[in-house]
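Down below is the structure, laid out as structure tokens.
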Amino acid sequence: MCFKKGYTPWNKGKTIKPGSGLRKICPQCNIEFKARKYSVYCSRACRNKANPIEYTDERREKHRIACKGINSGEHNPAYGKCGEDSWTYGTKRSEEVRQMQSELKKGLYLGEDNPNWRGGKPVRGYPVEFSKELKTMIRKRYNFICQICGKRGFSVHHVDYDKSNSSEDNFIVLCRSCHTKTNYNRDYWEELLKEKMGVSV
């Protein structure tokens, strides 16, 4: 017989040790398992299949209103976390999942829907002062180390996001991954990077 050892009931936090609990037959998948006396199904999946919930538009809207703002900004457990502190660090999605996510996001961030939208103004080029020599000097100042995650970094970032400001005190070194992150939630990153540089905000 097939047993599901170490099964954790969905409404309890303690795991049943192998060899303990009552032997039961799951009415959904017909697999024998061990659990506490009040457990009916062997897993959440079987419970949900046996008791499907009809998600109507009204129910979805009710959930959306109830959850609105709960995980936004500083309330989000992933707020400001990057590198090894991020809960997604080291995870790899399959090619099928990546393709599905790509299809779902197509067209969502075009024009005014893009968080980096600046009223349709063309992207300005960098001034002459932002030269190769200046970038090399900034990289050496920070020993080619990303000032956010501590990895090897080569990207020279404008802390105040003003491309025309080529002051040496307006630059910091980041890795490519962290440099991409700073394009979003700019107020947060500007404040954080100025603190790392010891600049009063």
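The values are calculated or read from the model by the stated rules, or taken from the named source; none is laboratory data. The model shown is predicted, which means the values in this text are computed figures rather than measured ones. Neighbour counts run over all protein chains shown; Cβ positions are idealised from the backbone, glycine included.
Those residues that are outside any strand (DSSP E or B), touching a Cys at 6+ places or on another chain (Cβ under 9 Å) and not charged (D, E, K, R), I need them from segment 151-186; list them, please.
Gly153, Phe154, Cys175, Ser177, Cys178, His179
Restricting to segment 159-201, and then to whatever is more than 26 Å from the chain's Cα centre (by Cα) and among the small types (Gly, Ala, Ser), can you tell me which residue is nearest to Glu129 (Cα to Cα)?
For segment 159-201, the residue satisfying everything is Ser166.
So Leu108 passes all but one of these: (1) under 19 Å from the mean Cα position of the chain (by Cα); (2) assigned to a helix (DSSP H, G or I); (3) free of Cβ contacts under 8 Å to residues at least 24 places away in the same chain. Which condition number does it fail?
(2)
Conditions first: (1) part of a loop (DSSP other than H, G, I, E, B); (2) closer than 26 Å to Asp85 by Cα. Val128 passes all but one, so which condition is the exception?
Failing condition for Val128: (2).
I need a count of the residues in segment 27-72 that are loosely packed, with under 11 Cβ neighbours inside 10 Å and among the hydroxyl-bearing types (Ser, Thr, Tyr).
Adding up the residues that qualify gives 4.
Could you give every pair whose Cβ atoms fall below 7 Å, whose first residue belongs to segment 179-193 and is within 12 Å of Asn116 (Cβ to Cβ), and whose second residue is outside any helix (DSSP H, G or I) and aromatic (Phe, Trp, Tyr), counting only separations of at least 6 or pairs across chains?
Partner pairs satisfying both residue conditions: Arg186/Tyr161.
Given the structure, is Tyr142 in the same structural domain as Lys181 (by TED's automatic domain parsing), surrounded by 10 or more Cβ atoms within 10 Å (Cβ to Cβ) and in contact (Cβ under 8 Å) with a residue 24 or more places away in the chain?
yes
What about Gly73, is it in contact (Cβ under 8 Å) with a residue 24 or more places away in the chain, under 33 Å from the mean Cα position of the chain (by Cα) and under 30 Å from Leu174 (Cα atoms)?
When the stated conditions are applied, Gly73 does not pass them.
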